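Chemist: Got a structure for you, questions after.
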Amino acid sequence: MHRRLFPRTLASVALVATVAAAGALPATAESPTPADTRLRATIDAVLADPRLDGAQAGVVVVDTATGRTLYDRNGDRRLVPASNTKLLTSTAALALLGPGHRFSTDVLADGRRRAGLLSGDLYLRGGGDPTMLAADYDALAARVAADGVRVVTGHLVADDTRYDDSRLGADWAWDDESYYYAAQVSALTVAPDTDYDAGNVIVRAAPAGAVGARPVVTMTPPNGYLRIDNRAETVADGETTLSFTRTHGGNTIVVTGRIAVDATPTSDWMTVWEPTGYAAAVFRDALRRHGIRVLGRTVLGRATPADAVPVARHDSMPLAELLVPFLKLSNNGHAEVLTKEMGRVVSGTGSWPAGLTAISEYVADTGVDTGVLRQLDGSGLSRRNLVPAGEFVALLAAVRREPWFDTWYAALPIAGNADRLVGGTLRSRMRGTAAANNVHAKTGSLTGVSGLSGYATDADGRVLAFSVVFNNHLTSSVRELEDQIAIALASHRAADDGTARVTPPAAPEAPPAPGGGECSWVKPIVC
């Protein structure tokens, strides 16, 4: 299938050309206005903060209406972008797949049917849907039962062949493997809840009724695919010190530590080893609940025969809706599935190389200089991703003319909005400032890496595209500095007295997240 690029108006092409011609967006040759001088002094003061001593910073700000550069500090320097990478992935997905794109999960029969007997195999074919819940597999099983199948003499075959069998991205850290944000990628998987962290299980531990007893450990969704090795203890009092770990290559989750007898339960999200098998196990349990016996074993990774007969189907929400949990919650799994899906749709190969090629070709068409950046995954989890701040701004300026822009813009996290599916990873930041309910931007965070790239509408109503990327800082967080820059942009006004402000605007301290994570409200997050 050929990729589909939406036409742009002549005016938008002119804008893209203006931004592209700037390359990494060097400072404009025009004489700065007094307002520009003041804005530059303000951002310079932010970047002089000692928390950035020895670090690298790339900061670019452009007026999207004129293409005029208002600020450029190291805009051509290649930096690790973390989850700002999702800007490339999400815009390409909308352009190449379309806002209405859906993932399908199918059940098909291969064999002779007579009465309630299927003399052959039952196939569960994955279409890449990262939002499949246990309830969705149960609904598929109910439809199989309603179709009259009662006994399958052959195997339950889990067909995940829409994508390749490469499960983990390039250069993902080995010690991240068991954590929810680094889940394995498969065309057939299960999400434990409506955050849609596919390939994960939620492990919950509650104190036992008696001191000295093992805590009560359960999983969501319930399944027999993973095993719990419960070594923890319920104690009379004290701090809860429970820990959940999964070792490489297996599906045993070890629970250690202590929990007080009167403590509230604690939960964690853990990845599974081989999500295709996990999905098949959840579906097989659902078949059993609906009175369907499969006499054969579960077989993974075999393609469905072309003449297999459809029995049941589940379609995901459209991509336009999926963008909300994807971008608001900075869902890494969604980024990687979309990358492989783009490869499958554009070139017929559901792999990271094919998908990344499709992304690169799309963003190059918008005016981004792909010769000066490197993208190795869809989410930004790889530390070998390198993108200059100026190229993010070139993309941000160009996509404003795309027909799907409003949908994408609304899906970006919105500063200071407490609604978790509106504010997203910015819900606790910049509250009570000019940036609140104004700045739409993508966060990015890894150890020593922080970024914020998106849009701020200034006091005159001009839409400014900006990118702030920090690397190699030693302090635990520099998000306050990103917020100060965004607040300064939202407060910027063309009519200015020319006085350079050297004291950056105050950025209110974000309240701690309930789960202890720096960007999240439920669980720690790489955002």
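The values are calculated or read from the model by the stated rules, or taken from the named source; none is laboratory data. As the structure is a prediction and not an experimental result, all values here were calculated from the model. Here the Cβ is made from the backbone with ideal geometry for all residues, glycine too, and neighbour counts use every protein chain on show. Calculation scope for accessible area: heavy atoms of the full protein, side chains included, ligands and nucleic acids excluded. Shrake-Rupley method; radii C 1.70, N 1.55, O 1.52, S 1.80 Å.
Here is a yes/no grid of residues against (1) among the hydrophobic types (A, V, I, L, M, F, W, C); (2) within 24 Å of residue 165 (Cβ to Cβ); (3) out of contact with any Cys (no Cβ under 9 Å at 6 or more places or on another chain); (4) not in a strand (DSSP E or B):
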position	(1), (2), (3), (4)
205	yes, no, yes, no
213	yes, no, yes, yes
219	yes, no, yes, no
254	yes, no, yes, no
278	no, yes, yes, yes
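Chemist: For the stretch 281-315, enumerate the residues that are in a loop (DSSP other than H, G, I, E, B) and β-branched (Val, Ile, Thr). So that I can check it myself, show each step before the final result.
Modeler: Residues of the stretch 281-315 that are in a loop (DSSP other than H, G, I, E, B), as a first pass: 290-292, 295-297, 301-308.
If the condition is that a residue be in a loop (DSSP other than H, G, I, E, B) and β-branched (Val, Ile, Thr), then 292, 304 are the ones that fit.
Chemist: So which residues in the stretch 340-357 are under 10 Å from residue 163 (Cβ atoms), touching a Ser or Thr at 6+ places or on another chain (Cβ under 9 Å) and of a type in the set (S, T, N, Q)?
Modeler: Of everything in the stretch 340-357, just one residue is under 10 Å from residue 163 (Cβ atoms), touching a Ser or Thr at 6+ places or on another chain (Cβ under 9 Å) and of a type in the set (S, T, N, Q), namely 351.
Chemist: Restricting the search to the stretch 412-450, which residues are out of contact with any strand residue (DSSP E or B) (no Cβ under 9 Å at 6 or more places or on another chain) and closer than 23 Å to residue 389 by Cα? Walk me through how you get there before you give the answer.
Modeler: Initial filter on the stretch 412-450 (out of contact with any strand residue (DSSP E or B) (no Cβ under 9 Å at 6 or more places or on another chain)): 416-421, 428, 430-433, 446-447.
Selection gives 430, 446, 447.
Chemist: Pull out all pairs, ordered by first then second residue, where Cβ-Cβ is under 6 Å, the residues are six or more apart or on different chains, the first lies in the stretch 46-66 and is touching a residue at least 60 places away in the same chain (Cβ under 8 Å), and the second is acidic (Asp, Glu).
Modeler: Within 6 Å, the pairs are 60/72.
Chemist: Among (1) without any contact (Cβ under 8 Å) to a residue 60 or more places away in the chain; (2) within 15 Å of the chain's Cα centre (by Cα); (3) not in a helix (DSSP H, G or I), which single condition is residue 330 missing?
Modeler: Unmet for residue 330, out of (1) without any contact (Cβ under 8 Å) to a residue 60 or more places away in the chain; (2) within 15 Å of the chain's Cα centre (by Cα); (3) not in a helix (DSSP H, G or I): (1).
Chemist: Mind checking whether some residue in the stretch 330-339 is touching a strand residue (DSSP E or B) at 6+ places or on another chain (Cβ under 7 Å) and either surrounded by 16 or more Cβ atoms within 10 Å (Cβ to Cβ) or at pLDDT below 95 (or both)?
Modeler: Taking the stretch 330-339 and keeping what is touching a strand residue (DSSP E or B) at 6+ places or on another chain (Cβ under 7 Å), we get 330.
Checking the rest, the ones that are also either surrounded by 16 or more Cβ atoms within 10 Å (Cβ to Cβ) or at pLDDT below 95 (or both) come to 330.
Yes, because at least one residue in the stretch 330-339 is touching a strand residue (DSSP E or B) at 6+ places or on another chain (Cβ under 7 Å) and either surrounded by 16 or more Cβ atoms within 10 Å (Cβ to Cβ) or at pLDDT below 95 (or both).
Chemist: Among residues belonging to the stretch 367-380 that are of a type in the set (A, V, I, L, M) and out of contact with any strand residue (DSSP E or B) (no Cβ under 8 Å at 6 or more places or on another chain), point out the one that is most open to solvent (accessible area, probe 1.4 Å).
Modeler: Taking the candidates together, the pick is 376.
Chemist: Still on this model: Under the condition of being among the acidic types (Asp, Glu) and part of a loop (DSSP other than H, G, I, E, B), which residue from the stretch 256-276 is nearest to residue 153 (Cα to Cα)?
Modeler: That would be 274.
Chemist: If the requirement is being within 30 Å of residue 475 (Cα to Cα) and surrounded by fewer than 22 Cβ atoms within 10 Å (Cβ to Cβ), which of these qualifies: 76, 106? Outline the logic, then answer.
Modeler: On the way: 106 fails: within 30 Å of residue 475 (Cα to Cα).
Of the residues listed, the single one that is within 30 Å of residue 475 (Cα to Cα) and surrounded by fewer than 22 Cβ atoms within 10 Å (Cβ to Cβ) is 76.
Chemist: Let me ask something additional. Is it the case that some residue within the stretch 349-366 is open to solvent by less than 10 Å² (accessible area, probe 1.4 Å), in contact (Cβ under 8 Å) with a residue 12 or more places away in the chain, touching a Phe, Trp or Tyr at 6+ places or on another chain (Cβ under 6 Å) and part of a helix (DSSP H, G or I)?
Modeler: no
Chemist: Would you pick out the residues in the stretch 237-255 that are polar (S, T, N, Q) and open to solvent by less than 50 Å² (accessible area, probe 1.4 Å)?
Modeler: Looking only at the stretch 237-255, we keep the residues that are polar (S, T, N, Q), and these are 240-241, 243, 245, 247, 251-252.
Scanning the stretch 237-255 gives 243, 251, 252.
Chemist: For the stretch 294-321, what are the residues that are under 20 Å from residue 143 (Cα atoms), out of contact with any helix residue (DSSP H, G or I) (no Cβ under 8 Å at 6 or more places or on another chain) and open to solvent by less than 20 Å² (accessible area, probe 1.4 Å)?
Modeler: Listed by number, the list holds a single entry, 308.
Chemist: Taking into account only those residues within the stretch 183-209 that are surrounded by fewer than 18 Cβ atoms within 10 Å (Cβ to Cβ) and either acidic (Asp, Glu) or modelled with pLDDT under 95 (or both), which is nearest to residue 158 (Cα to Cα)?
Modeler: 193
Chemist: Next question, about the same structure. Does any residue in the stretch 73-97 that is without any contact (Cβ under 8 Å) to a residue 24 or more places away in the chain and within 10 Å of residue 444 (Cα to Cα) come within less than 9 Å, Cβ to Cβ, of a residue that is among the hydrophobic types (A, V, I, L, M, F, W, C) and surrounded by 23 or more Cβ atoms within 10 Å (Cβ to Cβ) six or more places away or on a different chain, and which pairs are these?
Modeler: Sorted first by the residue in the stretch 73-97, then by its partner, the list stays empty.
Chemist: From the list 509, 518, 482, which residue is of a type in the set (Asp, Glu) and at pLDDT below 75?
Modeler: 518
Chemist: Okay, next question. Any residue at all in the stretch 216-227 that is over 30 Å from residue 114 (Cβ atoms) and touching a Ser or Thr at 6+ places or on another chain (Cβ under 7 Å)?
Modeler: So far as the stretch 216-227 goes, yes, one or more of its residues are over 30 Å from residue 114 (Cβ atoms) and touching a Ser or Thr at 6+ places or on another chain (Cβ under 7 Å).
Chemist: If you don't mind, another one. If you scan the stretch 116-126, which residues turn out to be open to solvent by 10 Å² or more (accessible area, probe 1.4 Å) and either farther than 27 Å from residue 184 by Cβ or not in a strand (DSSP E or B) (or both)? Before you say what the answer is, go through the steps one by one.
Modeler: Taking the stretch 116-126 and keeping what is open to solvent by 10 Å² or more (accessible area, probe 1.4 Å), we get 116-117, 119-121, 125.
Across the stretch 116-126, the qualifying residues are 116, 117, 119, 120.
Chemist: Still on this structure, I have one more. Would you mind telling me which numbered condition in (1) in contact with a Leu (Cβ under 7 Å, 6 or more places away or on another chain); (2) on the phi < 0 side of the Ramachandran plot residue 361 fails?
Modeler: (1)
Chemist: Take the residues of the stretch 129-176 that are farther than 24 Å from residue 344 by Cβ and assigned to a loop (DSSP other than H, G, I, E, B): which is most open to solvent (accessible area, probe 1.4 Å)?
Modeler: Checking each candidate, the answer is 150.
Chemist: Please go through the stretch 72-92 and pick out each residue that is on the phi > 0 side of the Ramachandran plot and assigned to a helix (DSSP H, G or I).
Modeler: Listed by number, the list holds a single entry, 82.
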